[in-house]
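Asker: One structure, as structure tokens, below. Some questions next.
The values are calculated or read from the model by the stated rules, or taken from the named source; none is laboratory data. What you see is a predicted model, and the numbers here were worked out from it, not measured in a lab. Heads up, the Cβs are rebuilt from the backbone with ideal geometry, glycines too, and the neighbour counts pull from every protein chain shown.
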Amino acid sequence: MRLLVFYPYIPYPVDRGTYQRTFHVLRALARDHEVDFLALSEGGQRMDQRGVFEQFCRRVDWVRFDHPAWPRLFPDRLLHPLPTTIRHWRLPHIAEALDRFLAGQRYDLVHVCDIVLAQYFLEAHRDQPLVVDRSHLAKLTRFEKRIARRVAVEVVCGPDDKTFVHRHISRDVEVFVLANGVDLEYFHPGAVNEPRAAEPTVLFCGAMDYTPNVDALRWYFGEIHAALRARVPALRVFIVGTSPVPEVQAYALQSRVTVTGGVPDVRPFYRRAWLQIVPLRIGGGTRLKIPESMAMGTPVVSTTLGAQGLDLRHGEDILLADTPADFAERTAVALERAALRAHLETTGMDTVRARLGWPRLGKQLSDFYATRFVK
């Protein structure tokens, strides 16, 4: 197949969770198909990474852009038919660059990431079959219904996202669920020479300006941490991730809590921790931090929502808990019982290696495209 992949950013270096998914999906598609890659570059960032993508894509091009100023509430925002978030990405020079890139080309499929780019195919380029990878659900219902009528398939991260699309956007649009995975060549126990911490240590990893992560920490420190410390007095907590907002930074004022901010390599923190905690209560998709942690041999305690879409078994691959009391209890038990941690480590790594490596996941999407779109 000949594919055009169109992204709203250049996903390299792979230093954000979203980039993990989009970079590895792109590379997996290029293994089986002839792929042209077009991406936007806000402020010219990452434009020096062209050579990375030219190793596996046929054609590569970037479009530099800067976000325009947000329009006034009245009349520009209230009276315009398009949502402001969508209009923010609707720039004439991007449309012109896309026209040039498509000139004289015929693709079996155009794969775009997020609905902010799908808008460029609503009126123009109607002859190109379109798939949108909804890495994030925008939940702009009226506009999303227009997109659903245009696309052949929507790709989502988890079954809850599929349910949302069919319940609120379109009962008719085809939805393909592609779980988030892990780069097994990068994340494995031997990747770094880092021993486990001597004291019971838990890790929470992720972008620390991301609302679901901030909410997760608020719930953990507000309703779980004190009970866990009472049970495990020597507990240490590491909060690792970029751009911690003031609320997250303030947790470092508590005893035996460290907020690192961004780190050049998260893998030593995975290996140092006895467990990763994922006390997420909101947000869609699947969490990259879970397969990454499991691949590094660090067991995970998560809410059910935090682990959605990964099809993990409670007590075998992961520990699941949805109330503060259960979360504190199951984390404490895992910290106290080395045999339980060893069991979770072994079965978790086996599951990730069997099902959640990016080449395997990407092959699922590649094969689906070949079956669905090649006549």
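Asker: For the stretch 125-147, indicate whether the set of residues that are in a helix (DSSP H, G or I) and under 30 Å from Thr346 (Cα atoms) is non-empty.
Answerer: Checked against the condition, which is being in a helix (DSSP H, G or I) and under 30 Å from Thr346 (Cα atoms), the stretch 125-147 yields no hits at all.
Asker: Further, regarding this structure: Residues of the stretch 162-211 being free of Cβ contacts under 8 Å to residues at least 40 places away in the same chain and part of a helix (DSSP H, G or I), which ones?
Answerer: Passing the criteria: Lys162, Thr163, Val165, His166, Arg167, His168, Ile169, Gly190.
Asker: Among the residues of the stretch 329-341, is any surrounded by 15 or more Cβ atoms within 10 Å (Cβ to Cβ) and within 20 Å of the chain's Cα centre (by Cα)?
Answerer: No: zero hits.
Asker: Among (1) at pLDDT 95 or above; (2) assigned to a loop (DSSP other than H, G, I, E, B); (3) among the hydrophobic types (A, V, I, L, M, F, W, C); (4) surrounded by 21 or more Cβ atoms within 10 Å (Cβ to Cβ), which single condition is Leu310 missing?
Answerer: (1)
Asker: Only one residue in Ala152, Ala103, Ala118, Ala95 is surrounded by 22 or more Cβ atoms within 10 Å (Cβ to Cβ) and either within 25 Å of Ala28 (Cα to Cα) or of a type in the set (A, V, I, L, M) (or both). Which one?
Answerer: Among Ala152, Ala103, Ala118, Ala95, only Ala118 is surrounded by 22 or more Cβ atoms within 10 Å (Cβ to Cβ) and either within 25 Å of Ala28 (Cα to Cα) or of a type in the set (A, V, I, L, M) (or both).
Asker: When you scan the stretch 294-305, do you find a residue that is in the same structural domain as Glu223 (by TED's automatic domain parsing), under 19 Å from the mean Cα position of the chain (by Cα) and part of a helix (DSSP H, G or I), even just one?
Answerer: yes
Asker: Looking at the structure I just gave you, is Val214 buried (at least 20 other Cβ atoms within 10 Å of the Cβ), touching a residue at least 24 places away in the same chain (Cβ under 8 Å) and of a type in the set (A, V, I, L, M, F, W, C)?
Answerer: No.
Asker: Additional query: Please state which of the following conditions Gln45 fails to meet, knowing it meets all the rest: (1) in contact with a helix residue (DSSP H, G or I) (Cβ under 6 Å, 6 or more places away or on another chain); (2) more than 19 Å from Lys363 (Cα to Cα).
Answerer: Looking at each condition in turn, Gln45 falls short on (1).
Asker: Also, quick follow-up: Out of all the residues in the stretch 242-259, is one or more part of a strand (DSSP E or B), touching an Asp or Glu at 6+ places or on another chain (Cβ under 8 Å) and either buried (at least 18 other Cβ atoms within 10 Å of the Cβ) or of a type in the set (Ser, Thr, Tyr) (or both)? Write out each step before concluding.
Answerer: Step one: list which residues in the stretch 242-259 are part of a strand (DSSP E or B), which gives 257-259.
Pick out the ones that are also touching an Asp or Glu at 6+ places or on another chain (Cβ under 8 Å) and you get none.
No, the stretch 242-259 contains no residue that is part of a strand (DSSP E or B), touching an Asp or Glu at 6+ places or on another chain (Cβ under 8 Å) and either buried (at least 18 other Cβ atoms within 10 Å of the Cβ) or of a type in the set (Ser, Thr, Tyr) (or both).
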